[in-house]
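Each remark here refers to the structure printed beneath this line.
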Amino acid sequence: MSTHALADATAAAMTAGFAAGDFDPLEVLAAVQQRMDECEPTINALCHRDDQRARTAAVASAKRWREGQSRGPLDGVPVTIKENISRTGVPMPSGHAWVEVPISAHDAPITERLEEAGAVIVGSTTMPDWGMLSSGVSSLHGITRSPLDPALTTGGSSAGAGAAAAAGYGPIHIGSDIGGSIRLPCTWLGLAGLKPSFGRVPLDAPYMGRCAGPLARTMADVQAAMAVISAPDDRDYTRLPRITRDEPTDPDPLDTSGGGVFDQRGMRIGIHLDAGCGEAVNPEISSTIAEAAEHFAAAGAEVVPLDPFLDGELLRDMDLFWRVRSWADLRALPVTEQALILPYIRQWAQGGADVSGVRLMECYHSIQEIRRRTVAATAGFDLVLSPVAPDAAFPAEQPMPYPLADQPMGHIGFTMPYNMSEQPAATVLAGYTRDGRTVGVQISGRRFADELVMAAGSWFEQVAGPAQPVRAV
């Protein structure tokens, strides 16, 4: 396999090569580092590179493979981790400029599980200020750009994770998601990803709606990552059990007698094309999602339209709740550091400055109503297919799809509900707009049905998915 091909290989192809002795983790690491050298000056996906520590891990992995003592399907596989996931001794700036950037003193559960599995962590990936932008614009890092077209956004807030995945910095990249931050980069970069059920991937700092999960070029790599990072950790008091093949689902997503083939005959699948709030959906995107649904119907599923279940008032209250949280973070900083925050985020957070306790409680009740409505609307379906975002990728320099910071987040009407309802939602590439921008389909399921939504995404990739996008960088 050529050096170029090694950087783009899946985790399964890498470990098969390690087992056969065709190449080793050091050769794969060298290929990935060469790709980083080529792409980083343009895309700016990394905020911290770990060349020496990565080499040490690759040397140890290569020795294990030679001695027949592999730790499993991620041993020797290069991965990246978003900068807000702790790694001992590594800067953890959360995307924004500091007078003195904090250094993490511990490893997060995700970091520990990956290292225990033998994965080679090659670096930390960028995010925008506090993760509250759906782009790669940061007061600390500058702009993270799409490897498909550097004029376009990566999406965010897992901006660097998405860019690293699309550029081929190894097969697996861990991001986080509180309202769409894994799935938005996936739709705008042509990737596969999963926002897991709340608590499925343990965090050392859990927060309402916040999840961590993988971004990759294939759903198989997402599944491989989830098998590792979903291991329980008692530091997360919201944690769920790790994913296992014998978890009960209704219906069973996998015909285990047939080698794990996804079978959707008899399933009831919703198609959700109007969020009921936010920006109107681009007709090209609606058409792409409708075409995706036709493939599920042709395979035996019953596909049923799902009516809108949110409204603009609920979306505004969700946005205001986050503004108050970020205003609390902003005002806690010294004045000199407040001035370093991205002006767009400063203005956005200041919208929460004069909110009363009563008004904030109203916002909290709206979040619970979002949860209630989402669960109720989707309870009659095994899966729901929808757009990820109302439109395709926008210019890289824009912090958000819309220009004004006083507008509510009109692009998260399809993604945010599943954070609040704690349900899993995957994304895979579904097609392209006429001008060549990528469009992902969101596949959501009932809470705990993480394996089902990944199986559905994997099936769609294999049966109906379009060709993967070609990098421009």
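Please treat every number below as a calculation from the coordinates, not as lab data. Being a predicted model, the structure only gives us computed values, none of them experimental. Every residue, glycine as well, gets a Cβ built from its backbone with ideal geometry; the counts of neighbours run over all protein chains shown.
Hey, rough spin-label estimate for residue 103 and residue 52, points 7 angstrom out along Cα→Cβ, what's it come to in nanometres?
Each label point lies 7 Å from its Cα, and together they span 1.2 nm.
Residue by residue through region 11-25, which ³J(HN,Hα) values in whole Hz follow from phi under the Karplus form 6.51 cos²θ - 1.76 cosθ + 1.60 (θ = phi - 60°), with glycine and proline marked x?
My calculation for region 11-25 gives 4, 5, 5, 4, 5, 5, x, 4, 5, 7, x, 6, 7, 10, x Hz in order.
Per residue of region 32-41, in order, report the coupling 6.51 cos²θ - 1.76 cosθ + 1.60 (Karplus, θ = phi - 60°) as ³J(HN,Hα) in whole Hz, putting x for Gly and Pro.
5, 5, 5, 4, 4, 4, 6, 9, 4, x
Of the options 448, 189, 93, report the single residue whose Cα projects farthest towards the positive end of the charge dipole of the chain (beta-carbon charges: Lys, Arg +1; Asp, Glu -1).
Among 448, 189, 93, the one farthest towards the positive end of the dipole of the chain is 93.
Please state the charge dipole magnitude for region 79-167, taken about the Cα centre, from unit charges on C-beta atoms (+1 on K and R, -1 on D and E), reported in debye and rounded to the nearest 20. If you can, show how the numbers build up before the last one.
Numbers: 4 positive and 8 negative charges, 37 e Å.
The calculated dipole for region 79-167 is roughly 180 debye.
Full-extension gain between residue 340 and residue 19, please, as 0.36 nm times their residue separation minus the C-alpha to C-alpha distance.
Working: separation 321, 0.36 × 321 = 115.56 nm, distance 4.92 nm.
Full extension from residue 340 to residue 19 adds 110.6 nm.
Once phi is turned into ³J(HN,Hα) by the Karplus curve 6.51 cos²θ - 1.76 cosθ + 1.60 with θ = phi - 60°, what whole-Hz value does each residue of region 162-172 show in order, with x for glycine and proline?
With coefficients 6.51, -1.76 and 1.60, one gets x, 4, 5, 5, 5, 7, x, 8, x, x, 10 Hz.
Length gain on complete extension for the stretch residue 208 to residue 294, per 0.36 nm per residue less the alpha carbon to alpha carbon distance? Present the calculation step by step, with values, prior to reporting the outcome.
Numbers: separation 86, 0.36 × 86 = 30.96 nm, distance 3.47 nm.
Contour length minus Cα-Cα distance gives 27.5 nm.
Given axes a ≥ b ≥ c from the Cα gyration tensor, I'd like to know whether region 31-116 is rounded (a/c under 1.5), prolate (a/b larger than b/c) or oblate. Before the final figure, lay out each step's value.
Values: a/c = 2.64, a/b = 1.48, b/c = 1.78.
Oblate shape, in that a/c is at least 1.5 and b/c is the bigger or equal ratio.
What's the longest bit of the chain with no exposed GluC sites (Glu not before Pro), using DSSP loop states and at most 16 other Cβ atoms within 10 Å as the test?
Details: sites that count: 67, 100, 397.
It works out to 101-396.
Is the shape of region 353-393 rounded, prolate or oblate, going by the alpha carbon gyration tensor and its root eigenvalues a ≥ b ≥ c, with a/c under 1.5 for rounded and a/b larger than b/c for prolate?
On the way: a/c = 7.01, a/b = 1.58, b/c = 4.44.
It comes out oblate by the Cα gyration axes.
Pairs of alpha-carbon atoms within less than 8 angstrom and 6+ residues apart define the contacts here; what relative contact order does region 306-369 have, in percent? Walk me through the intermediate numbers first.
Numbers: 42 pairs, mean separation 32.5, N = 64.
In percent, rounded to a whole number, it is 51.
What is the gain in length, in nm to one decimal, between residue 238 and residue 5 on full extension, counting 0.36 nm per residue of separation less the C-alpha to C-alpha distance? Spell out each step's value before the answer.
Values: separation 233, 0.36 × 233 = 83.88 nm, distance 3.99 nm.
Contour length minus Cα-Cα distance gives 79.9 nm.
Please compute the contact order of region 411-473 in relative form: average sequence separation of alpha-carbon pairs under 8 Å and at least six residues apart, divided by the residue count, as a percent.
Details: 70 pairs, mean separation 19.6, N = 63.
Averaging sequence separation for qualifying contacts and normalising by length gives 31 percent for region 411-473.
Considering the convex hull of the alpha carbon atoms of region 73-129, report its projected area averaged over all viewing directions, in nm², one decimal. Before the final figure, lay out the partial values.
On the way: hull surface 15.4 nm².
Spelled out: convex hull of the Cα atoms, projected over all directions, averaged, 3.8 nm².
Restricting to Cα pairs below 8 Å that are 6+ residues apart, what does the relative contact order work out to for the chain? Please round to a whole percent.
The normalised contact order for the chain reaches 17 percent.
Name the shape class, rounded, prolate or oblate, that the alpha-carbon gyration tensor gives for region 339-463, where a ≥ b ≥ c are the square roots of its eigenvalues, rounded holds for a/c under 1.5, and otherwise prolate holds if a/b is larger than b/c and oblate otherwise. Don't skip to the end; give the middle numbers.
Values: a/c = 2.91, a/b = 1.29, b/c = 2.26.
It is oblate, given that a/c is not under 1.5 and a/b is not larger than b/c.
Taking amide H atoms as placed 1.01 Å from N in the peptide plane, list the residues 5 or more away in sequence, or in a different chain, whose amide H sits under 5 Å from that of residue 119.
76
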